[in-house]
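Okay, so here's the structure we're looking at.
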Amino acid sequence: DWIITAFEMAREIFPEGTPLVLNDYGILSSLSSAAQYREIVELLQARDLIDVVGMQGHAFSTRTGAPITPVLNLLAETGLPIMITEFDVDGNPNSSGTSTDEQSDTNQLRDMERIFPQFWEHPSVTGITLWGWRPGHWRTEQDAFLVQVNGEERPALVWLRQYLVENGNVANEDD
């Protein structure tokens with residue numbers, strides 16, 4: 001009830017045309033969580049209180065074996081657009097002091113190549129927000145940043161730039 005009430009209040013308060021987004025974490029890692037999430041989405045949808053389904057794409061939700069595409073498919077059945085609101089990829093998932101920079105770069109690149117296309121190529125995903133650009137954010141110990149302190153791009157970001165160029169819909173860097 002409190003979610004419905006919150007969205008009713010938001011629909012009244014925010015200007016017409018402001019999209020209302022439900023956003024949560026842990027959805028991408030579990031079909032059962034996604035099914036429960038979908039029930040909430042459908043309750044809001046029945047009352048015209050939701051415009052976008054948001055999901056956080058943190059590294060702990062997108063580990064190898066996570067049912068990312070099946071979850072996206074399940075939520076796409078609502079007919080609403082999906083946004084990945086907080087996407088980060090760990091290079092050093094266990095915060096190991098023995099992980100080298102090269103190992104961290106390799107890990108992050110491997111997972112970026114595995115995860116990002118599932119989002120980008122899904123027809124219902126309309127946006128992806130990269131979460132944590134430089135060291136200093138909440139997953140710094142896990143090496144989830146994409147750019148070194150000196151501005152050098154890590155291999156995962158180099159790959160991502162190339163992937164986006166090859167797969168279209170990318171604004172010019174100067175835009």
With each label point set 7 Å from Cα along the Cα-Cβ vector, what nm distance links LEU130 and SER96?
2.6 nm
Debye-sum result for the range 33-80 in log10 I(q)/I(0), which assumes one identical scatterer on each alpha carbon, at q = 0.13, 0.18 Å⁻¹
-0.31, -0.57
The rounded separation in angstrom of the Cα centers of the range 55-86 and the range 107-129 is 10 Å
Rounded to the nearest 0.05, what FRET efficiency is calculated for ARG114 and GLU16 with R0 set to 30 Å and r the Cβ-Cβ distance?
0.15
May I ask for the angle, rounded to the nearest 10°, between helix 101-120 and the longest principal axis of the chain, with both axes built from Cα atoms and the value confined to 0 to 90°?
30 degrees
Probe 1.4 Å, accessible area per residue of the range 1-126, Å²
51 Å²
Of the accessible area of the range 5-113, with the probe set at 1.4 angstrom, what percent is carbon plus sulfur?
52 percent
C-alpha long axis of helix 31-46 to longest principal axis of the chain, angle in °:
40 degrees
The simple spin-label model distance between GLU121 and GLU77, using points 7 Å out along Cα→Cβ, in nm, is 2.3 nm
Over every pair of different alpha-carbon atoms in the range 87-175, take the mean of 1/r and invert it; report that Kirkwood radius in Å.
13.7 Å
Taking the mean number of other Cβ atoms within 10 Å as a proxy for protection, how do you rank 96-107, 67-78, 31-42 from highest to lowest?
67-78, 31-42, 96-107
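With both bridge residues required to lie in the chain, what share of the DSSP beta bridges run antiparallel, to the nearest 5%? Walk me through the intermediate numbers first.
On the way: 1 of 14 bridges.
Restricted to the chain, the bridges split so that about 5 percent are antiparallel.
Two decimals is fine: what's Rg over Rh for the range 15-113, C-alpha atoms, Kirkwood radius as Rh? Before the final figure, lay out each step's value.
Details: Rg = 16.1 Å, Rh = 14.8 Å.
With Rh from the inverse mean 1/r over Cα pairs, Rg/Rh is 1.09.
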[x] 21.1, 63; [y] 18.6, 61; [z] 17.5, 53, with the label sought being that of the calculated Rg and Dmax of the Cα atoms in Å
[z]
How would TRP2, TRP120, TRP133, TRP138 line up by accessible area, probe 1.4 Å, largest first?
TRP2, TRP138, TRP133, TRP120
Quick one: helix 2-13 against the long Cα principal axis of the chain, what's the angle to the nearest 10°, folded into 0 to 90?
80 degrees
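The values are calculated or read from the model by the stated rules, or taken from the named source; none is laboratory data. Since the model is a prediction, treat every value here as computed from it, not as a measurement. Reconstructed Cβ throughout: ideal geometry from the backbone, glycine too, with neighbour counts over all protein chains shown. Side chains are part of the model used for accessible areas, which takes the heavy atoms of the whole protein and leaves out ligands, DNA and RNA. Shrake-Rupley method; radii C 1.70, N 1.55, O 1.52, S 1.80 Å.
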